[in-house]
Amino acid sequence: MHLIDFTIFIVFTLGVVVFGCSFFKKGSSADEFTSAGHSIPGWVVGMSIFATYVSSISYIGYPGKAFASNWNAFVFSLSIPIASYFAAKYFVPFYRHSGSVSAYTFLEEKFGAWARLYASACYLLTQVARMGSILYLLAVPMYILMGWNLHAVIILTSIGIIIYSMLGGLKAVIWADAIQGIILIGGAIVCLGILMFSMPEGPMQTFELAANAPDGNKFSLGSLGSDLTTSTFWVCLVYGIFINLQNYGIDQNYVQRYHAAKTDRDAKFSALFGGYLFIPVSALFFLIGSALYSYYAAGVAELPAEIAQKPDYVFPYFIVNGLPVGLRGLLIASIFAAGMSTVSTSVTSAATIILTDYVRPLTSKSNQSPSRELFILRLSSVVVGILGIIVAIAMLSVESIIDAWWTLSSIFSGGMLGLFLLGCMPRRISRTGALVGCLCGVAVIAWISLAGLWNLPGPHLHEYLAIVLGTCTIFCTGFLLTFLLNKKS
(Lines give C-alpha, C1' and ligand atoms only; values in the text may rest on other atoms or scores of the structure.)
Protein backbone atom coordinates (compact mmCIF):
# COMPACT_ATOMS: atom_id res chain seq x y z
CA MET A 1 0.00 0.00 0.00
CA HIS A 2 1.45 3.35 -1.06
CA LEU A 3 2.22 5.88 1.67
CA ILE A 4 -0.34 8.33 0.20
CA ASP A 5 -3.11 5.72 0.29
CA PHE A 6 -2.18 4.68 3.79
CA THR A 7 -2.17 8.33 4.94
CA ILE A 8 -5.63 9.00 3.44
CA PHE A 9 -7.03 5.90 5.10
CA ILE A 10 -5.51 6.56 8.53
CA VAL A 11 -6.43 10.27 8.52
CA PHE A 12 -10.02 9.46 7.61
CA THR A 13 -10.45 6.63 10.12
CA LEU A 14 -8.86 8.51 13.02
CA GLY A 15 -10.74 11.64 11.96
CA VAL A 16 -14.09 9.85 12.28
CA VAL A 17 -13.19 8.57 15.75
CA VAL A 18 -12.03 12.01 16.91
CA PHE A 19 -15.09 13.68 15.36
CA GLY A 20 -17.38 11.26 17.15
CA CYS A 21 -15.61 11.74 20.46
CA SER A 22 -15.98 15.52 20.10
CA PHE A 23 -19.69 15.14 20.95
CA PHE A 24 -18.81 13.87 24.41
CA LYS A 25 -20.30 16.03 27.16
CA LYS A 26 -19.44 15.51 30.81
CA GLY A 27 -22.94 16.33 32.04
CA SER A 28 -24.74 14.29 29.40
CA SER A 29 -27.90 12.31 30.17
CA ALA A 30 -29.36 8.99 29.03
CA ASP A 31 -31.90 10.89 26.90
CA GLU A 32 -29.12 12.80 25.16
CA PHE A 33 -27.27 9.53 24.52
CA THR A 34 -30.29 7.68 23.11
CA SER A 35 -32.19 10.38 21.19
CA ALA A 36 -29.62 13.18 20.58
CA GLY A 37 -31.80 15.68 22.43
CA HIS A 38 -34.33 15.68 19.54
CA SER A 39 -32.15 18.25 17.77
CA ILE A 40 -30.95 16.81 14.42
CA PRO A 41 -32.04 18.30 11.04
CA GLY A 42 -34.14 16.04 8.80
CA TRP A 43 -31.61 15.73 5.95
CA VAL A 44 -28.87 14.66 8.39
CA VAL A 45 -31.13 12.00 9.92
CA GLY A 46 -32.04 10.86 6.37
CA MET A 47 -28.37 10.53 5.41
CA SER A 48 -27.83 8.55 8.60
CA ILE A 49 -30.67 6.17 7.69
CA PHE A 50 -29.18 5.79 4.22
CA ALA A 51 -25.66 5.16 5.57
CA THR A 52 -27.05 2.56 7.99
CA TYR A 53 -28.70 0.80 5.05
CA VAL A 54 -25.56 0.78 2.89
CA SER A 55 -22.88 -0.67 5.19
CA SER A 56 -19.98 -2.82 3.97
CA ILE A 57 -22.47 -5.55 3.10
CA SER A 58 -23.64 -3.34 0.24
CA TYR A 59 -20.22 -1.95 -0.61
CA ILE A 60 -18.52 -5.33 -1.01
CA GLY A 61 -21.33 -7.89 -0.94
CA TYR A 62 -23.45 -6.36 -3.72
CA PRO A 63 -20.58 -6.09 -6.26
CA GLY A 64 -19.52 -9.61 -5.32
CA LYS A 65 -23.05 -10.90 -5.86
CA ALA A 66 -23.41 -9.20 -9.27
CA PHE A 67 -19.95 -10.40 -10.34
CA ALA A 68 -20.68 -14.03 -9.45
CA SER A 69 -24.33 -14.23 -10.57
CA ASN A 70 -26.71 -11.35 -11.40
CA TRP A 71 -28.82 -8.47 -10.02
CA ASN A 72 -31.32 -10.70 -8.20
CA ALA A 73 -30.46 -9.15 -4.84
CA PHE A 74 -31.30 -5.67 -6.24
CA VAL A 75 -34.97 -6.68 -6.09
CA PHE A 76 -34.63 -6.17 -2.33
CA SER A 77 -34.07 -2.45 -2.97
CA LEU A 78 -37.20 -2.18 -5.12
CA SER A 79 -39.33 -2.96 -2.06
CA ILE A 80 -38.05 0.01 -0.06
CA PRO A 81 -40.54 2.64 -1.38
CA ILE A 82 -43.39 0.61 0.15
CA ALA A 83 -41.75 0.58 3.57
CA SER A 84 -40.71 4.26 3.33
CA TYR A 85 -44.28 5.32 2.56
CA PHE A 86 -45.72 3.43 5.52
CA ALA A 87 -42.96 4.78 7.76
CA ALA A 88 -43.63 8.42 6.88
CA LYS A 89 -47.41 8.06 7.11
CA TYR A 90 -47.85 5.77 10.12
CA PHE A 91 -44.68 4.69 11.93
CA VAL A 92 -43.03 8.09 12.45
CA PRO A 93 -46.07 9.82 14.02
CA PHE A 94 -46.75 6.75 16.17
CA TYR A 95 -43.25 6.57 17.66
CA ARG A 96 -42.77 10.33 17.94
CA HIS A 97 -45.77 10.48 20.28
CA SER A 98 -45.30 7.14 22.06
CA GLY A 99 -43.35 8.62 24.98
CA SER A 100 -40.63 5.94 24.87
CA VAL A 101 -37.44 5.72 22.85
CA SER A 102 -37.72 1.91 22.82
CA ALA A 103 -39.56 0.36 19.88
CA TYR A 104 -40.80 -2.49 22.07
CA THR A 105 -42.51 -0.74 25.00
CA PHE A 106 -45.60 -0.67 22.78
CA LEU A 107 -45.64 -4.48 22.64
CA GLU A 108 -45.55 -4.77 26.43
CA GLU A 109 -48.55 -2.46 26.73
CA LYS A 110 -50.47 -4.66 24.29
CA PHE A 111 -49.45 -8.19 25.23
CA GLY A 112 -47.35 -8.13 28.39
CA ALA A 113 -43.66 -8.17 29.32
CA TRP A 114 -42.99 -11.42 27.41
CA ALA A 115 -43.73 -9.67 24.07
CA ARG A 116 -41.26 -6.87 24.75
CA LEU A 117 -38.57 -9.30 25.90
CA TYR A 118 -39.11 -11.59 22.89
CA ALA A 119 -38.94 -8.78 20.33
CA SER A 120 -35.97 -7.07 21.98
CA ALA A 121 -34.07 -10.39 22.20
CA CYS A 122 -34.68 -11.00 18.47
CA TYR A 123 -33.44 -7.48 17.76
CA LEU A 124 -30.25 -7.91 19.80
CA LEU A 125 -29.44 -11.19 18.04
CA THR A 126 -30.00 -9.55 14.66
CA GLN A 127 -27.73 -6.62 15.49
CA VAL A 128 -24.91 -8.80 16.76
CA ALA A 129 -25.10 -10.88 13.54
CA ARG A 130 -25.12 -7.68 11.47
CA MET A 131 -22.12 -6.24 13.29
CA GLY A 132 -20.19 -9.47 12.78
CA SER A 133 -20.92 -9.51 9.04
CA ILE A 134 -19.85 -5.89 8.59
CA LEU A 135 -16.70 -6.11 10.71
CA TYR A 136 -15.63 -9.09 8.60
CA LEU A 137 -16.11 -7.06 5.42
CA LEU A 138 -14.10 -4.19 6.90
CA ALA A 139 -11.16 -6.52 7.47
CA VAL A 140 -11.08 -8.10 3.98
CA PRO A 141 -9.67 -5.05 2.08
CA MET A 142 -6.86 -4.60 4.61
CA TYR A 143 -5.98 -8.28 4.36
CA ILE A 144 -5.77 -8.04 0.56
CA LEU A 145 -4.01 -4.68 0.62
CA MET A 146 -1.34 -5.25 3.22
CA GLY A 147 -1.61 -8.83 4.38
CA TRP A 148 -2.73 -7.68 7.81
CA ASN A 149 -4.16 -10.33 10.09
CA LEU A 150 -7.97 -10.42 9.75
CA HIS A 151 -8.46 -10.96 13.48
CA ALA A 152 -6.30 -7.95 14.35
CA VAL A 153 -8.11 -5.65 11.89
CA ILE A 154 -11.52 -6.71 13.23
CA ILE A 155 -10.49 -6.09 16.84
CA LEU A 156 -8.75 -2.73 16.27
CA THR A 157 -11.55 -1.38 14.07
CA SER A 158 -14.14 -2.42 16.65
CA ILE A 159 -12.28 -0.64 19.42
CA GLY A 160 -12.31 2.65 17.49
CA ILE A 161 -16.03 2.36 16.70
CA ILE A 162 -16.91 1.43 20.28
CA ILE A 163 -14.99 4.41 21.67
CA TYR A 164 -16.80 7.12 19.72
CA SER A 165 -20.17 5.38 19.98
CA MET A 166 -19.76 5.04 23.73
CA LEU A 167 -18.61 8.63 24.30
CA GLY A 168 -20.66 10.57 21.77
CA GLY A 169 -23.96 8.67 21.82
CA LEU A 170 -26.56 8.90 19.06
CA LYS A 171 -25.69 12.49 18.09
CA ALA A 172 -22.11 11.47 17.26
CA VAL A 173 -23.34 8.42 15.36
CA ILE A 174 -25.85 10.36 13.21
CA TRP A 175 -23.49 13.21 12.26
CA ALA A 176 -20.65 10.76 11.51
CA ASP A 177 -23.08 8.69 9.42
CA ALA A 178 -24.04 11.72 7.33
CA ILE A 179 -20.41 12.54 6.49
CA GLN A 180 -19.55 8.89 5.82
CA GLY A 181 -22.59 8.54 3.53
CA ILE A 182 -21.39 11.37 1.29
CA ILE A 183 -17.87 9.92 1.11
CA LEU A 184 -18.98 6.40 0.24
CA ILE A 185 -21.22 7.62 -2.63
CA GLY A 186 -18.34 9.66 -4.07
CA GLY A 187 -15.93 6.74 -3.83
CA ALA A 188 -18.33 4.36 -5.59
CA ILE A 189 -19.00 6.79 -8.48
CA VAL A 190 -15.27 7.30 -9.07
CA CYS A 191 -14.65 3.53 -9.05
CA LEU A 192 -17.44 2.82 -11.57
CA GLY A 193 -16.11 5.52 -13.89
CA ILE A 194 -12.63 4.02 -13.89
CA LEU A 195 -13.98 0.52 -14.56
CA MET A 196 -16.17 1.53 -17.50
CA PHE A 197 -13.70 3.89 -19.18
CA SER A 198 -10.92 1.30 -18.93
CA MET A 199 -12.73 -1.05 -21.33
CA PRO A 200 -10.86 -1.55 -24.65
CA GLU A 201 -13.93 -0.71 -26.77
CA GLY A 202 -15.41 1.95 -24.52
CA PRO A 203 -18.00 2.01 -21.69
CA MET A 204 -20.74 0.26 -23.69
CA GLN A 205 -18.62 -2.90 -23.83
CA THR A 206 -19.33 -3.27 -20.10
CA PHE A 207 -23.02 -3.85 -20.81
CA GLU A 208 -22.42 -6.07 -23.85
CA LEU A 209 -20.11 -8.51 -22.09
CA ALA A 210 -22.13 -8.65 -18.87
CA ALA A 211 -25.43 -9.18 -20.69
CA ASN A 212 -23.99 -12.05 -22.76
CA ALA A 213 -22.00 -13.83 -20.05
CA PRO A 214 -21.75 -17.64 -20.50
CA ASP A 215 -23.39 -18.27 -17.11
CA GLY A 216 -26.34 -15.95 -17.88
CA ASN A 217 -27.25 -12.30 -18.13
CA LYS A 218 -25.48 -10.43 -15.33
CA PHE A 219 -28.30 -7.84 -15.28
CA SER A 220 -31.04 -10.42 -14.71
CA LEU A 221 -33.29 -9.80 -11.71
CA GLY A 222 -33.82 -13.52 -11.25
CA SER A 223 -36.31 -16.14 -12.38
CA LEU A 224 -39.98 -15.13 -12.52
CA GLY A 225 -41.02 -18.72 -11.76
CA SER A 226 -42.93 -19.91 -8.71
CA ASP A 227 -40.13 -22.00 -7.18
CA LEU A 228 -39.94 -21.28 -3.43
CA THR A 229 -36.72 -23.17 -2.82
CA THR A 230 -34.45 -20.70 -4.63
CA SER A 231 -33.96 -16.93 -4.60
CA THR A 232 -36.35 -16.07 -7.46
CA PHE A 233 -37.52 -12.53 -8.24
CA TRP A 234 -40.69 -13.07 -6.18
CA VAL A 235 -38.96 -14.67 -3.21
CA CYS A 236 -36.50 -11.76 -3.05
CA LEU A 237 -39.25 -9.14 -3.49
CA VAL A 238 -41.49 -10.58 -0.76
CA TYR A 239 -38.49 -10.97 1.53
CA GLY A 240 -37.57 -7.32 0.88
CA ILE A 241 -41.09 -6.05 1.62
CA PHE A 242 -41.26 -7.90 4.93
CA ILE A 243 -37.72 -7.09 6.08
CA ASN A 244 -38.03 -3.41 5.14
CA LEU A 245 -41.41 -3.05 6.84
CA GLN A 246 -39.73 -4.52 9.87
CA ASN A 247 -36.76 -2.17 9.55
CA TYR A 248 -38.89 0.94 9.36
CA GLY A 249 -41.62 -0.27 11.70
CA ILE A 250 -39.92 -2.00 14.62
CA ASP A 251 -36.14 -1.72 14.17
CA GLN A 252 -34.61 0.27 17.02
CA ASN A 253 -32.03 1.78 14.65
CA TYR A 254 -34.77 3.63 12.79
CA VAL A 255 -37.03 4.35 15.77
CA GLN A 256 -34.21 6.20 17.55
CA ARG A 257 -33.62 8.31 14.46
CA TYR A 258 -37.30 9.27 14.31
CA HIS A 259 -36.91 10.56 17.87
CA ALA A 260 -33.65 12.38 17.07
CA ALA A 261 -35.18 14.62 14.37
CA LYS A 262 -36.17 18.17 15.38
CA THR A 263 -39.81 18.00 14.27
CA ASP A 264 -42.37 15.48 13.02
CA ARG A 265 -41.94 16.90 9.53
CA ASP A 266 -38.16 16.40 9.67
CA ALA A 267 -38.64 12.82 10.86
CA LYS A 268 -41.05 11.99 8.00
CA PHE A 269 -38.68 13.55 5.46
CA SER A 270 -35.75 11.56 6.84
CA ALA A 271 -37.63 8.25 6.41
CA LEU A 272 -38.43 9.00 2.75
CA PHE A 273 -35.07 10.55 1.89
CA GLY A 274 -32.94 7.78 3.44
CA GLY A 275 -34.96 4.99 1.81
CA TYR A 276 -35.27 6.45 -1.69
CA LEU A 277 -31.59 7.42 -1.83
CA PHE A 278 -30.62 3.79 -1.23
CA ILE A 279 -32.28 2.61 -4.47
CA PRO A 280 -29.97 4.38 -7.00
CA VAL A 281 -26.92 3.86 -4.79
CA SER A 282 -27.54 0.11 -4.47
CA ALA A 283 -27.96 -0.01 -8.28
CA LEU A 284 -24.57 1.71 -8.47
CA PHE A 285 -22.97 -1.10 -6.42
CA PHE A 286 -24.55 -3.83 -8.56
CA LEU A 287 -23.36 -2.03 -11.69
CA ILE A 288 -19.84 -2.04 -10.23
CA GLY A 289 -20.13 -5.84 -9.88
CA SER A 290 -21.25 -6.25 -13.51
CA ALA A 291 -18.49 -3.88 -14.63
CA LEU A 292 -15.94 -5.94 -12.70
CA TYR A 293 -17.03 -9.03 -14.61
CA SER A 294 -16.68 -7.25 -17.97
CA TYR A 295 -13.38 -5.70 -16.93
CA TYR A 296 -11.76 -9.07 -16.32
CA ALA A 297 -13.63 -10.87 -19.11
CA ALA A 298 -12.26 -8.33 -21.62
CA GLY A 299 -8.73 -9.09 -20.47
CA VAL A 300 -7.99 -5.59 -19.16
CA ALA A 301 -6.36 -7.31 -16.21
CA GLU A 302 -5.95 -10.84 -14.95
CA LEU A 303 -7.98 -12.12 -12.00
CA PRO A 304 -6.32 -14.90 -9.97
CA ALA A 305 -8.41 -18.08 -9.70
CA GLU A 306 -8.37 -18.04 -5.89
CA ILE A 307 -9.87 -14.52 -5.90
CA ALA A 308 -12.50 -15.40 -8.52
CA GLN A 309 -13.71 -18.24 -6.28
CA LYS A 310 -14.32 -15.79 -3.43
CA PRO A 311 -16.69 -13.14 -4.92
CA ASP A 312 -16.51 -10.87 -1.86
CA TYR A 313 -12.77 -10.47 -2.52
CA VAL A 314 -13.07 -9.35 -6.16
CA PHE A 315 -13.89 -5.67 -5.56
CA PRO A 316 -11.16 -5.22 -2.90
CA TYR A 317 -8.70 -6.95 -5.25
CA PHE A 318 -9.58 -4.49 -8.01
CA ILE A 319 -9.14 -1.57 -5.62
CA VAL A 320 -5.64 -2.78 -4.79
CA ASN A 321 -4.52 -3.55 -8.34
CA GLY A 322 -6.70 -1.41 -10.62
CA LEU A 323 -6.89 2.01 -9.01
CA PRO A 324 -4.21 4.74 -9.08
CA VAL A 325 -2.49 5.98 -5.95
CA GLY A 326 -4.72 8.25 -3.89
CA LEU A 327 -7.99 6.86 -5.22
CA ARG A 328 -7.09 3.52 -3.69
CA GLY A 329 -6.93 5.12 -0.26
CA LEU A 330 -10.22 6.96 -0.92
CA LEU A 331 -12.02 3.70 -1.78
CA ILE A 332 -10.69 1.90 1.28
CA ALA A 333 -11.80 4.88 3.36
CA SER A 334 -15.23 4.67 1.69
CA ILE A 335 -15.59 1.00 2.62
CA PHE A 336 -14.64 1.81 6.18
CA ALA A 337 -17.11 4.70 6.15
CA ALA A 338 -19.92 2.35 5.16
CA GLY A 339 -19.05 -0.22 7.79
CA MET A 340 -18.27 2.12 10.67
CA SER A 341 -21.57 3.97 10.29
CA THR A 342 -23.62 0.78 10.50
CA VAL A 343 -21.66 -0.82 13.33
CA SER A 344 -21.79 2.36 15.43
CA THR A 345 -25.56 2.49 14.89
CA SER A 346 -25.96 -1.12 16.01
CA VAL A 347 -23.81 -0.52 19.10
CA THR A 348 -25.83 2.52 20.21
CA SER A 349 -29.26 1.04 19.51
CA ALA A 350 -28.44 -2.28 21.19
CA ALA A 351 -27.16 -0.44 24.27
CA THR A 352 -30.39 1.55 24.36
CA ILE A 353 -32.50 -1.63 24.26
CA ILE A 354 -30.47 -3.21 27.07
CA LEU A 355 -31.17 -0.16 29.25
CA THR A 356 -34.84 0.45 28.40
CA ASP A 357 -36.06 -3.14 28.05
CA TYR A 358 -33.92 -5.07 30.53
CA VAL A 359 -32.26 -2.84 33.13
CA ARG A 360 -34.99 -0.27 33.85
CA PRO A 361 -37.82 -2.81 34.35
CA LEU A 362 -35.67 -4.71 36.86
CA THR A 363 -34.45 -1.62 38.75
CA SER A 364 -36.38 0.40 41.31
CA LYS A 365 -36.91 4.07 40.51
CA SER A 366 -34.74 5.10 43.46
CA ASN A 367 -31.74 3.44 41.75
CA GLN A 368 -32.37 4.95 38.28
CA SER A 369 -30.03 7.91 38.52
CA PRO A 370 -28.92 9.68 35.27
CA SER A 371 -25.25 8.92 35.93
CA ARG A 372 -25.94 5.24 36.59
CA GLU A 373 -28.02 4.88 33.43
CA LEU A 374 -25.33 6.58 31.37
CA PHE A 375 -22.75 4.18 32.81
CA ILE A 376 -24.98 1.21 31.86
CA LEU A 377 -25.34 2.55 28.30
CA ARG A 378 -21.58 2.84 27.90
CA LEU A 379 -20.88 -0.54 29.48
CA SER A 380 -23.51 -2.15 27.22
CA SER A 381 -21.84 -0.56 24.19
CA VAL A 382 -18.58 -2.32 25.10
CA VAL A 383 -20.28 -5.69 25.68
CA VAL A 384 -22.21 -5.54 22.40
CA GLY A 385 -19.03 -4.56 20.55
CA ILE A 386 -17.17 -7.58 21.95
CA LEU A 387 -19.99 -9.91 20.87
CA GLY A 388 -19.80 -8.39 17.38
CA ILE A 389 -16.06 -9.17 17.26
CA ILE A 390 -16.72 -12.82 18.16
CA VAL A 391 -19.33 -13.18 15.40
CA ALA A 392 -17.05 -11.46 12.86
CA ILE A 393 -14.28 -13.94 13.54
CA ALA A 394 -16.78 -16.80 13.14
CA MET A 395 -17.82 -15.31 9.77
CA LEU A 396 -14.34 -15.78 8.27
CA SER A 397 -15.31 -19.18 6.87
CA VAL A 398 -18.46 -18.18 4.93
CA GLU A 399 -18.47 -18.09 1.11
CA SER A 400 -20.93 -15.22 0.47
CA ILE A 401 -21.37 -12.74 3.28
CA ILE A 402 -24.58 -11.28 1.85
CA ASP A 403 -26.20 -14.74 1.76
CA ALA A 404 -25.08 -15.42 5.33
CA TRP A 405 -26.36 -12.06 6.60
CA TRP A 406 -29.74 -12.25 4.85
CA THR A 407 -30.27 -15.79 6.15
CA LEU A 408 -29.41 -14.85 9.75
CA SER A 409 -31.52 -11.71 9.52
CA SER A 410 -34.54 -13.66 8.28
CA ILE A 411 -34.19 -16.28 11.04
CA PHE A 412 -33.45 -14.04 14.02
CA SER A 413 -36.01 -11.36 13.21
CA GLY A 414 -38.72 -13.57 11.72
CA GLY A 415 -41.29 -13.11 14.48
CA MET A 416 -40.96 -9.43 15.33
CA LEU A 417 -43.02 -8.00 12.49
CA GLY A 418 -45.94 -10.39 13.01
CA LEU A 419 -46.18 -9.43 16.67
CA PHE A 420 -46.00 -5.74 15.78
CA LEU A 421 -48.80 -6.07 13.20
CA LEU A 422 -51.00 -7.81 15.78
CA GLY A 423 -50.42 -4.89 18.13
CA CYS A 424 -51.44 -2.42 15.42
CA MET A 425 -54.84 -4.05 14.84
CA PRO A 426 -57.74 -1.70 15.63
CA ARG A 427 -59.53 -4.58 17.36
CA ARG A 428 -57.65 -5.72 20.46
CA ILE A 429 -55.86 -9.06 20.05
CA SER A 430 -55.94 -11.32 23.11
CA ARG A 431 -52.69 -11.92 24.94
CA THR A 432 -53.24 -15.67 24.69
CA GLY A 433 -53.72 -15.41 20.92
CA ALA A 434 -50.55 -13.37 20.54
CA LEU A 435 -48.50 -15.78 22.68
CA VAL A 436 -49.73 -18.91 20.86
CA GLY A 437 -49.22 -17.18 17.51
CA CYS A 438 -45.66 -16.28 18.50
CA LEU A 439 -44.88 -19.87 19.52
CA CYS A 440 -46.29 -21.17 16.22
CA GLY A 441 -44.27 -18.57 14.30
CA VAL A 442 -41.04 -19.59 16.04
CA ALA A 443 -41.77 -23.23 15.18
CA VAL A 444 -42.28 -22.35 11.49
CA ILE A 445 -39.06 -20.31 11.42
CA ALA A 446 -37.13 -23.17 13.05
CA TRP A 447 -38.55 -25.66 10.56
CA ILE A 448 -37.62 -23.53 7.52
CA SER A 449 -34.15 -22.89 8.93
CA LEU A 450 -33.37 -26.50 9.82
CA ALA A 451 -35.31 -28.52 7.22
CA GLY A 452 -32.53 -28.50 4.65
CA LEU A 453 -29.71 -28.72 7.20
CA TRP A 454 -31.16 -31.75 8.99
CA ASN A 455 -32.97 -33.19 5.96
CA LEU A 456 -36.36 -33.03 7.68
CA PRO A 457 -39.48 -34.33 5.86
CA GLY A 458 -41.62 -31.94 3.85
CA PRO A 459 -40.76 -29.13 1.43
CA HIS A 460 -37.44 -27.37 1.95
CA LEU A 461 -38.14 -23.67 1.41
CA HIS A 462 -35.54 -20.95 0.92
CA GLU A 463 -34.27 -19.44 4.19
CA TYR A 464 -35.33 -15.94 3.02
CA LEU A 465 -38.94 -17.08 3.49
CA ALA A 466 -38.45 -17.58 7.25
CA ILE A 467 -39.43 -13.99 7.98
CA VAL A 468 -42.33 -14.10 5.49
CA LEU A 469 -43.97 -17.30 6.76
CA GLY A 470 -43.01 -16.63 10.38
CA THR A 471 -44.70 -13.22 10.26
CA CYS A 472 -47.81 -14.57 8.51
CA THR A 473 -48.09 -17.47 10.96
CA ILE A 474 -47.92 -15.20 14.02
CA PHE A 475 -50.39 -12.71 12.62
CA CYS A 476 -52.95 -15.22 11.31
CA THR A 477 -52.77 -17.50 14.35
CA GLY A 478 -53.09 -14.62 16.80
CA PHE A 479 -55.98 -13.07 14.89
CA LEU A 480 -57.94 -16.32 14.40
CA LEU A 481 -57.43 -17.49 17.98
CA THR A 482 -58.66 -14.13 19.28
CA PHE A 483 -61.74 -14.42 17.06
CA LEU A 484 -62.48 -17.95 18.33
CA LEU A 485 -62.00 -17.01 22.00
CA ASN A 486 -64.26 -13.97 21.65
CA LYS A 487 -66.91 -16.05 19.90
CA LYS A 488 -66.76 -18.69 22.64
CA SER A 489 -67.06 -16.13 25.44
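The values are calculated or read from the model by the stated rules, or taken from the named source; none is laboratory data. What you see is a predicted model, and the numbers here were worked out from it, not measured in a lab. In this analysis, Cβ positions are derived from the backbone assuming ideal geometry, glycine residues included, and neighbour counts consider all displayed protein chains. Note: accessible area is taken over every heavy atom of the protein model, side chains too, but ligands, DNA and RNA are not part of it. Shrake-Rupley method; radii C 1.70, N 1.55, O 1.52, S 1.80 Å.
Has the stretch 133-148 got any residue that is at pLDDT below 85, out of contact with any helix residue (DSSP H, G or I) (no Cβ under 6 Å at 6 or more places or on another chain), farther than 23 Å from Phe33 by Cβ and not hydrophobic (A, V, I, L, M, F, W, C)?
yes
Kindly list the number of the only condition in (1) modelled with pLDDT under 80; (2) assigned to a helix (DSSP H, G or I) that fails for Ile8.
Going through (1) modelled with pLDDT under 80; (2) assigned to a helix (DSSP H, G or I) one by one, Ile8 breaks only (1).
Given the options Leu277, Leu362, name the one that is surrounded by fewer than 24 Cβ atoms within 10 Å (Cβ to Cβ), among the aliphatic types (A, V, I, L, M) and without any contact (Cβ under 8 Å) to a residue 24 or more places away in the chain.
Leu362
State yes or no: is Gly147 more than 24 Å from Thr407 (Cβ to Cβ) and without any contact (Cβ under 8 Å) to a residue 40 or more places away in the chain?
yes
So, in the stretch 39-77, how many residues would count as being open to solvent by less than 20 Å² (accessible area, probe 1.4 Å), of a type in the set (Phe, Trp, Tyr) and farther than 14 Å from Asn244 by Cβ?
2
Evaluate the stretch 310-317: report whether one residue or more is of a type in the set (A, V, I, L, M, F, W, C), closer than 27 Å to Asn217 by Cβ and open to solvent by less than 10 Å² (accessible area, probe 1.4 Å).
Yes - at least one qualifying residue is present in the stretch 310-317.
Note down all Cβ pairs under 8 Å where the first residue falls in the stretch 310-326 and is of a type in the set (D, E, K, R), the second is surrounded by 23 or more Cβ atoms within 10 Å (Cβ to Cβ) and modelled with pLDDT of 85 or more, and they're at least six residues apart or on different chains.
Once the first residue is of a type in the set (D, E, K, R) and sits in the stretch 310-326, its partners that are surrounded by 23 or more Cβ atoms within 10 Å (Cβ to Cβ) and modelled with pLDDT of 85 or more give Asp312/Gly64.
Of the conditions (1) crowded, with 23+ Cβ neighbours inside 10 Å; (2) farther than 30 Å from Tyr118 by Cβ; (3) of a type outside the set (Phe, Trp, Tyr), Ile182 clears all except one; give me its number.
Result: Ile182 passes all but (1).
How many residues does the stretch 127-150 hold that are open to solvent by less than 10 Å² (accessible area, probe 1.4 Å), more than 15 Å from Ile390 (Cβ to Cβ) and not aliphatic (A, V, I, L, M)?
Here the count works out to 1.
Can you find even one residue in the stretch 190-211 that is modelled with pLDDT under 80 and either touching a Phe, Trp or Tyr at 6+ places or on another chain (Cβ under 8 Å) or not in a helix (DSSP H, G or I) (or both)?
No.
Can you pull out the residues in the stretch 95-104 that are open to solvent by 20 Å² or more (accessible area, probe 1.4 Å) and modelled with pLDDT under 85?
His97, Ser98, Gly99, Ser100, Val101 - these are the residues of the stretch 95-104 that are open to solvent by 20 Å² or more (accessible area, probe 1.4 Å) and modelled with pLDDT under 85.
Would you call Val391 out of contact with any Cys (no Cβ under 7 Å at 6 or more places or on another chain) and either closer than 30 Å to Lys310 by Cβ or of a type in the set (Gly, Ala, Ser) (or both)?
It is true that Val391 is out of contact with any Cys (no Cβ under 7 Å at 6 or more places or on another chain) and either closer than 30 Å to Lys310 by Cβ or of a type in the set (Gly, Ala, Ser) (or both).
Give, as residue ranges, the helices (runs of 4 or more DSSP H) completely inside the stretch 274-374 that count at least 2 residues that are over 19 Å from Pro63 (Cβ atoms).
Per the criteria, 327-353.
Could you tell me whether any residue of the stretch 342-356 is in contact with a Gly (Cβ under 6 Å, 6 or more places away or on another chain), surrounded by 16 or more Cβ atoms within 10 Å (Cβ to Cβ) and at pLDDT 80 or above?
yes
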